[in-house]
1. Within the range 196-221, can you find the residues that are among the β-branched types (Val, Ile, Thr) and within 21 Å of Ala134 (Cα to Cα)?
2. Please go through the range 1-24 and give me each residue that is within 16 Å of Pro48 (Cα to Cα) and under 27 Å from the mean Cα position of the chain (by Cα), ordered by number.
3. Test of understanding: among Ile83, Ile51, Ile31, Ile66, which residue is assigned to a helix (DSSP H, G or I), in the same structural domain as Lys106 (by TED's automatic domain parsing) and over 21 Å from the mean Cα position of the chain (by Cα)?
4. Looking for whichever is in the same structural domain as Ile169 (by TED's automatic domain parsing), of a type in the set (Lys, Arg), in contact with a helix residue (DSSP H, G or I) (Cβ under 8 Å, 6 or more places away or on another chain) and surrounded by fewer than 21 Cβ atoms within 10 Å (Cβ to Cβ) here; the options are Arg212, Arg193, Arg204. Which one fits?
5. Is it true that Val219 is within 20 Å of the chain's Cα centre (by Cα) and of a type in the set (Val, Ile, Thr)?
6. I'm checking my understanding of the structure. Among residues of the range 188-234 that are of a type in the set (A, V, I, L, M) and part of a loop (DSSP other than H, G, I, E, B), which one is modelled with the highest pLDDT?
7. Of the residues Val173, Val210, which is touching a strand residue (DSSP E or B) at 6+ places or on another chain (Cβ under 6 Å) and within 18 Å of Arg293 (Cβ to Cβ)?
8. All but one of (1) in a helix (DSSP H, G or I); (2) surrounded by fewer than 18 Cβ atoms within 10 Å (Cβ to Cβ); (3) of a type outside the set (S, T, N, Q); (4) at pLDDT 85 or above hold for Arg76, so report the exception by its number.
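The values are calculated or read from the model by the stated rules, or taken from the named source; none is laboratory data. Just so you know, these numbers come straight off a predicted model, no measurement behind them. Positions of Cβ are backbone-derived with ideal geometry, glycine not excepted, and every protein chain shown enters the neighbour counts.
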Amino acid sequence: MIPTFTLLIVDDEKHNRALLTELLQGENRIILAKDGKQALERAREHHPDLILLDVLMPEMDGYAVIRALKNDDLTRNIPVIFITSLDSAGDEERGLELGAVDYISKPFNPAIVRVRIRNHLESVHQRRLLEQMAMLDSLTGIPNRRRFNEVFEQEWRRCMRDCVPLSLIVVDVDHFKIFNDTYGHTAGDEVLRRIAKTLSTSLRRPGDFVARYGGEEFVILLPGIDSEGARNLSEHTRADVEAEHIPHAMSEVAPWITISLGGATRIPRENAPGPELFCLADTYLYEAKHSGRNRVAWAPPA
């Protein structure tokens, strides 16, 4: 069964908007726009899964609307279907060249329109699943380094705009190579899965984020949390992992698996994030490890 999608219907005629709404609203959430300007505003606000766009509209026609959509980073990937009374081959060719995924001529057969739109939404659903899979670490099921880079940039810009701190924590499993050599890589994989789960459950707010960065290293983002609050959360996270009591007889730190954490907090000042915050947190991770492991080391406030 296809999940519920959001459709934006753009047509200057009220009758046409009502007809398409009645046809499609049973399986989808419908948003309406009566002109090109309203269409662009609602596309940016709601980011629909599919746009049904009339061509012949006053002031700003459908061709101008799709050009504006494709020139905006927020909307360029939203698929657009033209539904219009223009039915010549040239009109259809023009619409497809501008980036429309389909071209439906009026008057249309309701059953055929429903099926064609359902097929496009199924493609959207499949693409979304593939995109989600590409952003997840296959071993632990949490976000991967690629997804971390995206979220880091988004949260950096948001924290800069709101003038609030962004805290970053780098986590490393203590003596993990020795664990693998002693217990085998299958046991090591299970350790990484358990730590990923523990880190995820240690985060308390919807905006907090954890990813596997690579190997036995994880990274945590805490937007809007100051240095003291982020360090306290790091201490709780370290204790939560230790409390799992995953046996590690060869560890020089404890008879079970432990982690070391390094962190830093800054209020973003530049438009785009550089490597400085991550490198600073990573520097303090090494301080934690060189100071005996199973501890948190935190960069002083700027």
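1. Correct list: Val210, Val219, Ile220.
2. Of everything in the range 1-24, those that are within 16 Å of Pro48 (Cα to Cα) and under 27 Å from the mean Cα position of the chain (by Cα) turn out to be Ile2, Pro3, Thr4, Phe5, Thr6, Leu7, Leu8, Ile9.
3. After applying the criteria, what remains is Ile66.
4. Working: Arg212 fails: surrounded by fewer than 21 Cβ atoms within 10 Å (Cβ to Cβ); Arg193 fails: in contact with a helix residue (DSSP H, G or I) (Cβ under 8 Å, 6 or more places away or on another chain).
Of Arg212, Arg193, Arg204, the one residue that is in the same structural domain as Ile169 (by TED's automatic domain parsing), of a type in the set (Lys, Arg), in contact with a helix residue (DSSP H, G or I) (Cβ under 8 Å, 6 or more places away or on another chain) and surrounded by fewer than 21 Cβ atoms within 10 Å (Cβ to Cβ) is Arg204.
5. Details: within 20 Å of the chain's Cα centre (by Cα): yes; of a type in the set (Val, Ile, Thr): yes.
Spelling it out, Val219 is indeed within 20 Å of the chain's Cα centre (by Cα) and of a type in the set (Val, Ile, Thr).
6. Across the range 188-234, the extreme among qualifying residues is Ile225.
7. Val173
8. Against the list (1) in a helix (DSSP H, G or I); (2) surrounded by fewer than 18 Cβ atoms within 10 Å (Cβ to Cβ); (3) of a type outside the set (S, T, N, Q); (4) at pLDDT 85 or above, Arg76 comes up short only on (1).
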